[in-house]
Every structure is written in structure tokens, then in C-alpha cells.
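To start, the structure under review is shown below, and the notes come after it.
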Amino acid sequence: MAEKTFAVQTAEETRTAISKNLVSLRTANHLTQAELAEKLGVSTVTVHNWECGRNLPKAKRLNDVAIALQTTATELLQEAS
């Protein structure tokens with residue numbers, strides 16, 4: 001039986017992955033930062049800070065972000081390969 005291995009991301013890798021995925025998914029969904037912010041009930045500055053990696057969405061908001069971007073929270077967290 002093959003052994004499963006799991007990659008563990010550092011906090012910085014997670015921050016980078018979320019930031020890159022947010023930008024990529026937002027643009028793929030043809031949304032501006034302002035439009036995404038409105039859907040989530042946050043400010044445009046908040047979305048900008050998430051995308052720059054300055055801050056990250058709170059865990060309880062991550063699923064809302066994923067739904068707004070037509071993806072899953074797991075995909076938001078995954079590092080692009």
C-alpha cells in the first residue's frame with residue numbers, strides 16, 4: 001500500500017497562496033476589488049490588503065470569499081503548482 005504524504009505550508013507560503021489565488025480567481029470571475037468587497041460586505045481596502053498579503057480573511061469569512069469566487073476554501077489555501 002502506497003504511503004500518503006502531505007505537504008505542510010509555512011504561514012508565509014499560506015499567505016502568498018491565498019493572496020495569489022484571490023487575485024487570480026477575482027479576475028477570472030471578472031470582478032473588481034470593489035465588486036468583491038460589496039459581495040462580502042467589506043471595504044475595498046480590505047480586499048486590497050488581502051490581495052497584497054498584508055492581511056488575510058478571517059477563518060470564519062474564508063468560506064464566504066470562496067463562494068463569492070466560485071471555488072472552495074481548500075482551493076484558496078492551495079499553493080499553485
The one condition Lys60 fails out of (1) more than 18 Å from Glu12 (Cα to Cα); (2) surrounded by fewer than 16 Cβ atoms within 10 Å (Cβ to Cβ); (3) at pLDDT 95 or above is (3)
Only one of Thr74, Thr46, Thr16 is at pLDDT below 95, open to solvent by less than 60 Å² (accessible area, probe 1.4 Å) and in a helix (DSSP H, G or I), namely Thr16
Pairs returned, first residue in the range 13-30 that is within 17 Å of Thr44 (Cα to Cα), second residue that is among the hydrophobic types (A, V, I, L, M, F, W, C) and modelled with pLDDT of 95 or more, beta-carbon separation under 6 angstrom, 6 or more apart or interchain, are Leu22/Trp50; Leu25/Leu69; Arg26/Leu36; Asn29/Leu69
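The values are calculated or read from the model by the stated rules, or taken from the named source; none is laboratory data. From a predicted model like this one, the values you see are computed outputs, not experimental measurements. Every residue, glycine as well, gets a Cβ built from its backbone with ideal geometry; the counts of neighbours run over all protein chains shown. These area figures cover heavy atoms from the full protein model, side chains too; ligands, DNA and RNA do not enter into them. Shrake-Rupley method; radii C 1.70, N 1.55, O 1.52, S 1.80 Å.
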